[in-house]
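First comes the structure, then the notes that go with it.
What follows is calculated from the coordinates using simple rules that are stated; it is not laboratory data. Keep in mind it's a predicted model, so treat the numbers as computed, not measured. Every residue, glycine among them, receives a Cβ derived from its backbone with ideal geometry; neighbour counts consider all protein chains shown.
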Amino acid sequence: MQFLPFIADVKELDIDNHCSPPNIGGFCLDNISAEDCLEFFRFSREEVRLILPFLELDQVTFGGRYRPGAEAAFCLLLFRLAAPNQYKENYHWFGQSRSWQSSVFTDVVHYLVDRYSAKLFWDHSCLTYS
């Protein structure tokens, strides 16, 4: 009987929905206001969705059997980079444990560094310091 209050929270999967599969406490960018997107992610909802295909975050191998959606993983990265915060403060936004957040954040950072490391270093032949 303890699960009955949560049954109302679970909705059928909407194919056109950008959200992660329905789960209790899941992340959904559509549920975040436009102002909060800009404040906490530094990008609008549309900009986040425009950037996502280029990052190919669906290729990330996540540890701990975690399987976040690309949108949730990217938004967690943006949220952590936008301002100093603790994982316990992020539960309100992502509805996931601190270990989930830590693992997903670390895996996304490692993936992006591995993928774009050649572009992350200063190219002295093309760029100058002045």
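In a shell of Cβ-Cβ distance under 14 Å around residue 44, excluding residue 44 itself, what net charge do Lys and Arg (+1) and Asp and Glu (-1) give?
Values: positive: 42, 45, 49; negative: 30, 35, 36, 39, 46, 47, 71.
Its environment carries a net charge of -4.
For the pair residue 42 and residue 99, label points projected 7 Å from Cα toward Cβ lie 3.1 nm apart.
If we count every other residue with Cβ under 11 angstrom of residue 57's Cβ, Lys/Arg +1 and Asp/Glu -1, where does the sum land? If you can, show how the numbers build up before the last one.
Details: positive: 115; negative: 56, 58, 71, 107.
Surrounding charge for residue 57 is -3.
Is the shape of region 79-130 rounded, prolate or oblate, going by the alpha carbon gyration tensor and its root eigenvalues a ≥ b ≥ c, with a/c under 1.5 for rounded and a/b larger than b/c for prolate?
Values: a/c = 5.24, a/b = 2.37, b/c = 2.21.
It is prolate, given that a/c is not under 1.5 and a/b is the larger ratio.
Each of 74, 121, 96 was scored by the projection of its Cα onto the charge dipole of region 67-130, and the greatest displacement toward the positive side belongs to 96; charges sit on the C-beta of Lys, Arg, Asp and Glu.
Can you give the net charge of the other residues whose Cβ lies under 11 Å from the Cβ of residue 112, counting K and R as +1 and D and E as -1? The partial results should precede the final answer.
Numbers: positive: 115, 119; negative: 56, 107, 114.
Within the 11 Å Cβ shell, the charges total -1.
The label-point distance for residue 51 and residue 110, in a model that sets each label 7 Å from Cα toward Cβ, rounds to 2.2 nm.
Sequentially through region 89-104, phi angles give Karplus couplings (6.51, -1.76, 1.60; θ = phi - 60°) of 6, 7, 4, 4, 7, 10, x, 10, 5, 5, 5, 4, 4, 4, 5, 5 Hz, Gly and Pro residues having no value and appearing as x.
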